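> One structure follows; several queries about it will come next.
The values are calculated or read from the model by the stated rules, or taken from the named source; none is laboratory data. Quick caveat: nothing in here was measured; it's all calculated off a predicted structure. Don't worry about glycine lacking a Cβ; one is built from the backbone with ideal geometry, like all the others, and counts go over all protein chains shown.
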């Protein structure tokens, strides 16, 4: 067996040190400059979304007789009310008492709290600056999905269980390519242990395409048809949402996800590549 | 050398939104966190990313920064341990996906420093392989106490567990490693 003695310490390379220091100062100064007013609008908007999502999620769980278990912070608004950035202006002692999920930051649960605080309105400012919300989809299983447009591009944003996912922007005029049908993957702790993975895809129905249908086939055997909604900009958008248990195995060994597009009597099947086409999100890892 | 008073003043300044306090904390402890993250990940590039994440987390949670015996270091190690644990988790997923892709040609780089760094990365990964059979919580205690030189009390503060838990985890980790070593020697 290898001697479990690590190699000696090494100093951080000067270039990396300078870069990280500059990033830290930049991030800290930017946040301080913008102050609490920067938070107010997105937090209110996010809180509204979360209250809806949280109430829906909580109601679903309550309906299932699930008391919430010990999976860290409960989904939705229950914790957001006590952990909002507005409250974080309070003295540390008060804040320390109000945060139960994790006393030491950096845990996955802790990231959930932070991302939740950001919500769509704040997250989209990084993903697609200047974007405005033009459409929403009906809540499903606590998912609150919205579409945001800026110029000739759009992004989709989904909030569930306190986690926000936004996609890398795509053109409003869809291309007939695999890129159009990529899915994001979000992993959230499941009630019974392990993780639940949610795959999300969304797109624009092309102008003048009355017979446009999208469906996805997932490795667990599920086949999901896209839902449609009409945005305030007059465009129609589609969404596919599917959640299943992550068994912790190697998903790349599973059959690929396929997207089928039926358009004007023709059918196109796009086979998604694990990793490349299953990580469409812009604001967190896979 | 920073005094206890210095450090408490630094923590206070950080809680009061002073970006310079964050920079000072990074200057003071960046290398130690960097090496801790390297020992957790076995990769210098990941350690850089993780170090940046750790200090960004510190800023985002600056009002929760705690000093243990006048030092913010144990709390920083706690943040780093959590960040690296998450990094390793997401990296395992990424690696599984990348492993399915065709391998690109590796361009040789003869720079001495690069070779040294690759050498230490390979060695660290071998060490991490050697302790892989330990439960993650025992690996973390081993990393903090045996490798990063924290006292039991500091490690307890970092992990937010009682000191007795640190002692028992470390004891079990050492016992397991001893068993592994003797088993390995017999196999040889």
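> Counting just the residues of the range A:2-28 that are loosely packed, with under 15 Cβ neighbours inside 10 Å and in a helix (DSSP H, G or I), which one comes out nearest to the other protein chains (Cβ to nearest Cβ)?
A:23
> In the range A:169-182, what count of residues is obtained for those that are surrounded by 17 or more Cβ atoms within 10 Å (Cβ to Cβ) and over 12 Å from residue A:199 (Cα atoms)?
Qualifying residue count for the region: 5.
> Name the residue that is surrounded by the fewest Cβ atoms within 10 Å (Cβ to Cβ), counting only residues in the range A:136-168 that are at pLDDT below 90 and on the phi > 0 side of the Ramachandran plot.
Taking the candidates together, the pick is A:141.
> May I pose another question? Restricting to the range B:22-36, name every residue that is within 10 Å of another protein chain (Cβ to nearest Cβ) and either closer than 26 Å to residue B:119 by Cβ or touching a residue at least 40 places away in the same chain (Cβ under 8 Å) (or both).
Once the filter is applied, which keeps residues that are within 10 Å of another protein chain (Cβ to nearest Cβ) and either closer than 26 Å to residue B:119 by Cβ or touching a residue at least 40 places away in the same chain (Cβ under 8 Å) (or both), the range B:22-36 yields B:22, B:25, B:30, B:31, B:32, B:33, B:34, B:35, B:36.
> Filter the range B:129-140 down to the residues that are within 12 Å of chain A (Cβ to nearest Cβ) and surrounded by fewer than 17 Cβ atoms within 10 Å (Cβ to Cβ) and list them by number.
B:129, B:132, B:133 - these are the residues of the range B:129-140 that are within 12 Å of chain A (Cβ to nearest Cβ) and surrounded by fewer than 17 Cβ atoms within 10 Å (Cβ to Cβ).
> Continuing with this model, one more query. Restricted to the range B:38-63, and to residues that are assigned to a loop (DSSP other than H, G, I, E, B) and closer than 21 Å to residue A:6 by Cβ, which residue is nearest to the other protein chains (Cβ to nearest Cβ)?
Here the answer is B:42.
> Scan the range B:173-187 for residues that are under 23 Å from the mean Cα position of the chain (by Cα) and either at pLDDT below 70 or at the interface with chain A (Cβ under 9 Å from one of its Cβ atoms) (or both) and jot them down.
Correct list: B:177 only.
> Could you say whether any residue in the range B:113-128 is at pLDDT 80 or above, buried (at least 17 other Cβ atoms within 10 Å of the Cβ), in contact with a strand residue (DSSP E or B) (Cβ under 8 Å, 6 or more places away or on another chain) and within 9 Å of chain A (Cβ to nearest Cβ)?
no
> Which count do you get for residues in the range B:121-130 that are touching a residue at least 12 places away in the same chain (Cβ under 8 Å) and over 15 Å from the mean Cα position of the chain (by Cα)?
Residues meeting the conditions: 1.
> So, of the residues in the range B:11-21 that are assigned to a helix (DSSP H, G or I) and more than 7 Å from chain A (Cβ to nearest Cβ), which turns out to be farthest from residue B:65 (Cα to Cα)?
Per the stated criteria, the residue is B:20.
> Being modelled with pLDDT under 95, within 20 Å of residue A:285 (Cα to Cα) and under 13 Å from the mean Cα position of the chain (by Cα): is that true of residue B:48 here?
Judged against the criteria, residue B:48 is a match.
> Residues of the range B:64-73 being in contact (Cβ under 8 Å) with a residue 12 or more places away in the chain and within 9 Å of chain A (Cβ to nearest Cβ), which ones?
Of everything in the range B:64-73, those that are in contact (Cβ under 8 Å) with a residue 12 or more places away in the chain and within 9 Å of chain A (Cβ to nearest Cβ) turn out to be B:65, B:66.
> A further question follows. Of the conditions (1) at pLDDT below 90; (2) crowded, with 18+ Cβ neighbours inside 10 Å, residue B:99 clears all except one; give me its number.
Among (1) at pLDDT below 90; (2) crowded, with 18+ Cβ neighbours inside 10 Å, residue B:99 violates only (2).
> So, one more: I'd like the full set of residues that are within 12 Å of another protein chain (Cβ to nearest Cβ), outside any helix (DSSP H, G or I) and surrounded by 15 or more Cβ atoms within 10 Å (Cβ to Cβ), limited to the range B:141-159.
Correct list: B:148 only.
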